[in-house]
Amino acid sequence: MRKTTAVILALLVLLASVPFSAAAKKTDDLRIAFISDTHLLPEELTGGYNDAFKEDTYDRGKPAEQSQGLLLSALASLKARAKSEDLDYLVVTGDLTKDGELASHKRLAQLLEQFEKDSGAQVAVIPGNHDINMGPSEYSTGVAQSTPNTSPRQFLQIYKNLGFDLATP
(Lines give C-alpha, C1' and ligand atoms only; values in the text may rest on other atoms or scores of the structure.)
Protein backbone atom coordinates (compact mmCIF):
# COMPACT_ATOMS: atom_id res chain seq x y z
CA MET A 1 0.00 0.00 0.00
CA ARG A 2 2.80 2.42 0.88
CA LYS A 3 4.55 1.65 -2.38
CA THR A 4 1.41 2.35 -4.41
CA THR A 5 0.79 5.60 -2.56
CA ALA A 6 4.38 6.70 -3.17
CA VAL A 7 4.09 5.93 -6.90
CA ILE A 8 0.77 7.80 -7.18
CA LEU A 9 2.19 10.82 -5.34
CA ALA A 10 5.29 10.80 -7.54
CA LEU A 11 3.13 10.71 -10.69
CA LEU A 12 0.93 13.54 -9.40
CA VAL A 13 3.97 15.68 -8.67
CA LEU A 14 5.40 14.90 -12.11
CA LEU A 15 2.14 15.64 -13.92
CA ALA A 16 1.55 18.80 -11.93
CA SER A 17 4.96 20.14 -12.88
CA VAL A 18 4.66 19.56 -16.65
CA PRO A 19 2.51 22.61 -17.47
CA PHE A 20 4.74 24.83 -15.37
CA SER A 21 7.86 23.50 -17.07
CA ALA A 22 6.37 24.07 -20.51
CA ALA A 23 5.36 27.62 -19.60
CA ALA A 24 8.77 28.34 -18.12
CA LYS A 25 10.44 27.09 -21.31
CA LYS A 26 8.66 29.75 -23.35
CA THR A 27 9.80 32.62 -21.15
CA ASP A 28 13.35 31.28 -20.89
CA ASP A 29 14.05 31.37 -24.63
CA LEU A 30 17.17 33.36 -25.37
CA ARG A 31 17.30 35.39 -28.57
CA ILE A 32 20.78 36.09 -29.92
CA ALA A 33 21.77 37.79 -33.17
CA PHE A 34 25.24 37.71 -34.71
CA ILE A 35 27.14 40.11 -36.94
CA SER A 36 30.63 39.20 -38.12
CA ASP A 37 33.48 40.72 -40.09
CA THR A 38 32.21 44.28 -40.33
CA HIS A 39 35.70 45.56 -41.31
CA LEU A 40 34.48 49.05 -40.41
CA LEU A 41 36.41 52.00 -41.77
CA PRO A 42 34.67 55.32 -41.10
CA GLU A 43 34.31 57.66 -44.07
CA GLU A 44 36.68 60.23 -42.55
CA LEU A 45 39.55 57.75 -43.00
CA THR A 46 38.80 56.91 -46.65
CA GLY A 47 40.09 60.14 -48.24
CA GLY A 48 36.80 60.48 -50.08
CA TYR A 49 37.29 57.00 -51.53
CA ASN A 50 40.27 58.21 -53.56
CA ASP A 51 42.45 56.03 -55.80
CA ALA A 52 44.87 55.11 -53.00
CA PHE A 53 41.97 53.91 -50.89
CA LYS A 54 40.46 51.90 -53.73
CA GLU A 55 43.78 50.36 -54.74
CA ASP A 56 44.60 49.30 -51.18
CA THR A 57 41.19 47.93 -50.28
CA TYR A 58 40.18 46.38 -53.60
CA ASP A 59 43.53 44.65 -54.05
CA ARG A 60 42.94 42.94 -50.71
CA GLY A 61 39.36 42.01 -51.61
CA LYS A 62 37.74 44.34 -49.08
CA PRO A 63 35.15 46.74 -50.46
CA ALA A 64 35.53 48.93 -47.35
CA GLU A 65 33.50 51.78 -48.81
CA GLN A 66 30.41 49.69 -48.09
CA SER A 67 31.33 48.66 -44.55
CA GLN A 68 29.72 51.54 -42.67
CA GLY A 69 26.52 51.50 -44.74
CA LEU A 70 26.13 47.74 -44.40
CA LEU A 71 26.67 47.92 -40.64
CA LEU A 72 24.17 50.76 -40.20
CA SER A 73 21.61 48.85 -42.24
CA ALA A 74 22.13 45.67 -40.22
CA LEU A 75 21.84 47.54 -36.92
CA ALA A 76 18.64 49.29 -38.05
CA SER A 77 17.11 45.96 -39.07
CA LEU A 78 18.11 44.30 -35.79
CA LYS A 79 16.79 47.26 -33.79
CA ALA A 80 13.38 46.85 -35.40
CA ARG A 81 13.42 43.11 -34.72
CA ALA A 82 14.58 43.65 -31.14
CA LYS A 83 11.47 45.69 -30.41
CA SER A 84 9.10 43.06 -31.83
CA GLU A 85 10.95 39.86 -30.87
CA ASP A 86 12.69 40.72 -27.59
CA LEU A 87 16.28 40.34 -28.76
CA ASP A 88 18.47 39.59 -25.73
CA TYR A 89 21.99 39.78 -27.17
CA LEU A 90 23.85 40.97 -30.23
CA VAL A 91 27.25 39.32 -30.61
CA VAL A 92 29.62 41.12 -32.96
CA THR A 93 32.70 39.12 -33.90
CA GLY A 94 35.86 40.29 -35.63
CA ASP A 95 37.18 41.47 -37.78
CA LEU A 96 35.44 44.52 -36.35
CA THR A 97 37.58 47.08 -38.20
CA LYS A 98 39.47 47.23 -41.48
CA ASP A 99 42.91 47.07 -39.86
CA GLY A 100 42.55 48.01 -36.18
CA GLU A 101 42.34 51.77 -36.67
CA LEU A 102 41.74 53.46 -33.33
CA ALA A 103 39.18 55.79 -34.94
CA SER A 104 37.35 52.79 -36.42
CA HIS A 105 37.04 51.12 -33.01
CA LYS A 106 35.81 54.32 -31.38
CA ARG A 107 33.18 54.78 -34.08
CA LEU A 108 32.03 51.17 -33.82
CA ALA A 109 31.76 51.32 -30.03
CA GLN A 110 29.68 54.49 -30.36
CA LEU A 111 27.32 52.81 -32.83
CA LEU A 112 26.98 49.67 -30.70
CA GLU A 113 26.39 51.56 -27.45
CA GLN A 114 23.63 53.53 -29.18
CA PHE A 115 22.17 50.25 -30.45
CA GLU A 116 22.08 48.93 -26.87
CA LYS A 117 20.21 52.03 -25.69
CA ASP A 118 17.75 51.98 -28.58
CA SER A 119 17.07 48.23 -28.68
CA GLY A 120 17.44 47.11 -25.08
CA ALA A 121 19.67 44.23 -26.22
CA GLN A 122 23.07 43.64 -24.65
CA VAL A 123 25.96 43.84 -27.13
CA ALA A 124 29.10 41.74 -26.79
CA VAL A 125 32.13 42.13 -29.06
CA ILE A 126 34.90 39.64 -29.80
CA PRO A 127 38.02 40.86 -31.64
CA GLY A 128 39.42 39.27 -34.76
CA ASN A 129 42.92 39.20 -36.22
CA HIS A 130 42.50 42.64 -37.84
CA ASP A 131 41.44 44.42 -34.66
CA ILE A 132 44.51 44.73 -32.44
CA ASN A 133 48.09 45.80 -33.21
CA MET A 134 47.68 45.88 -37.00
CA GLY A 135 49.19 48.33 -39.48
CA PRO A 136 46.19 50.61 -40.02
CA SER A 137 45.95 53.10 -42.84
CA GLU A 138 44.06 56.21 -43.72
CA TYR A 139 43.89 57.88 -47.11
CA SER A 140 43.16 61.60 -46.61
CA THR A 141 46.35 62.75 -48.40
CA GLY A 142 45.79 60.61 -51.48
CA VAL A 143 48.23 57.92 -50.37
CA ALA A 144 47.91 55.19 -47.77
CA GLN A 145 49.53 56.42 -44.59
CA SER A 146 49.77 55.13 -41.07
CA THR A 147 47.14 56.07 -38.51
CA PRO A 148 46.99 55.20 -34.80
CA ASN A 149 46.28 51.53 -34.21
CA THR A 150 44.62 49.83 -31.25
CA SER A 151 46.48 48.04 -28.47
CA PRO A 152 44.89 45.27 -26.39
CA ARG A 153 44.53 47.70 -23.47
CA GLN A 154 42.85 50.32 -25.66
CA PHE A 155 40.54 47.68 -27.10
CA LEU A 156 39.34 46.68 -23.63
CA GLN A 157 38.86 50.32 -22.67
CA ILE A 158 36.90 51.20 -25.81
CA TYR A 159 34.59 48.18 -25.53
CA LYS A 160 34.43 48.00 -21.72
CA ASN A 161 30.63 48.39 -21.78
CA LEU A 162 30.10 46.03 -24.70
CA GLY A 163 30.34 42.56 -23.22
CA PHE A 164 33.52 42.88 -21.21
CA ASP A 165 31.49 44.35 -18.37
CA LEU A 166 29.69 40.99 -18.16
CA ALA A 167 32.85 38.95 -17.65
CA THR A 168 33.60 37.69 -14.18
CA PRO A 169 37.07 36.66 -13.05
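Under 19 Å from Tyr139 (Cα atoms) and in contact (Cβ under 8 Å) with a residue 60 or more places away in the chain: is that true of Ala52 in this structure? Can you show your working first?
Values: under 19 Å from Tyr139 (Cα atoms): yes; in contact (Cβ under 8 Å) with a residue 60 or more places away in the chain: yes.
Answer is yes for this residue.
Given the residues Leu72, Leu156, which is the only one that is open to solvent by 70 Å² or more (accessible area, probe 1.4 Å), among the aliphatic types (A, V, I, L, M), more than 11 Å from the chain's Cα centre (by Cα) and more than 25 Å from Glu55 (Cα to Cα)? Walk me through how you get there before you give the answer.
Details: Leu72 fails: more than 25 Å from Glu55 (Cα to Cα).
Sole residue among the options that is open to solvent by 70 Å² or more (accessible area, probe 1.4 Å), among the aliphatic types (A, V, I, L, M), more than 11 Å from the chain's Cα centre (by Cα) and more than 25 Å from Glu55 (Cα to Cα): Leu156.
With respect to Ser146, determine if the residue is under 14 Å from Leu40 (Cα atoms) and modelled with pLDDT under 95. So that I can check it myself, show each step before the final result.
Numbers: under 14 Å from Leu40 (Cα atoms): no; modelled with pLDDT under 95: yes.
Against the criterion (under 14 Å from Leu40 (Cα atoms) and modelled with pLDDT under 95), Ser146 does not qualify.
Can Ala103 be described as open to solvent by 20 Å² or more (accessible area, probe 1.4 Å) and under 27 Å from Asp28 (Cα atoms)? Please lay out each step first, then the result.
Values: open to solvent by 20 Å² or more (accessible area, probe 1.4 Å): yes; under 27 Å from Asp28 (Cα atoms): no.
It is false that Ala103 is open to solvent by 20 Å² or more (accessible area, probe 1.4 Å) and under 27 Å from Asp28 (Cα atoms).
What residue, of Asp56, Asp29, is open to solvent by less than 60 Å² (accessible area, probe 1.4 Å), more than 25 Å from Gln114 (Cβ to Cβ) and at pLDDT below 90? Show your work before the answer.
Details: Asp29 fails: open to solvent by less than 60 Å² (accessible area, probe 1.4 Å).
The conditions single out Asp56.
Is it the case that some residue within segment 124-144 is open to solvent by 60 Å² or more (accessible area, probe 1.4 Å) and of a type in the set (Ser, Thr, Tyr)?
Within segment 124-144, one or more residues are open to solvent by 60 Å² or more (accessible area, probe 1.4 Å) and of a type in the set (Ser, Thr, Tyr).
Of all the residues that make up segment 134-159, how many are free of Cβ contacts under 8 Å to residues at least 12 places away in the same chain and in a loop (DSSP other than H, G, I, E, B)?
Initial filter on segment 134-159 (free of Cβ contacts under 8 Å to residues at least 12 places away in the same chain): 145-146, 153, 156-157.
Next, from what is left, pick out any that are in a loop (DSSP other than H, G, I, E, B): none.
Residues meeting the conditions: 0.
In the list Asp99, Asp131, Asp88, Asp95, which residue meets the criterion of being touching a residue at least 24 places away in the same chain (Cβ under 8 Å) and in contact with a Lys or Arg (Cβ under 8 Å, 6 or more places away or on another chain)? Spell out the reasoning first.
Values: Asp99 fails: in contact with a Lys or Arg (Cβ under 8 Å, 6 or more places away or on another chain); Asp131 fails: in contact with a Lys or Arg (Cβ under 8 Å, 6 or more places away or on another chain); Asp95 fails: in contact with a Lys or Arg (Cβ under 8 Å, 6 or more places away or on another chain).
Criteria check complete, one pass: Asp88.
The values are calculated or read from the model by the stated rules, or taken from the named source; none is laboratory data. Note that this is a predicted model, so its numbers are computed, not measured. Glycine also receives a Cβ, built like all others from the backbone with ideal geometry; neighbour counts cover every protein chain displayed. Side chains included, ligands, DNA and RNA excluded: accessible areas come from the protein's heavy atoms. Shrake-Rupley method; radii C 1.70, N 1.55, O 1.52, S 1.80 Å.
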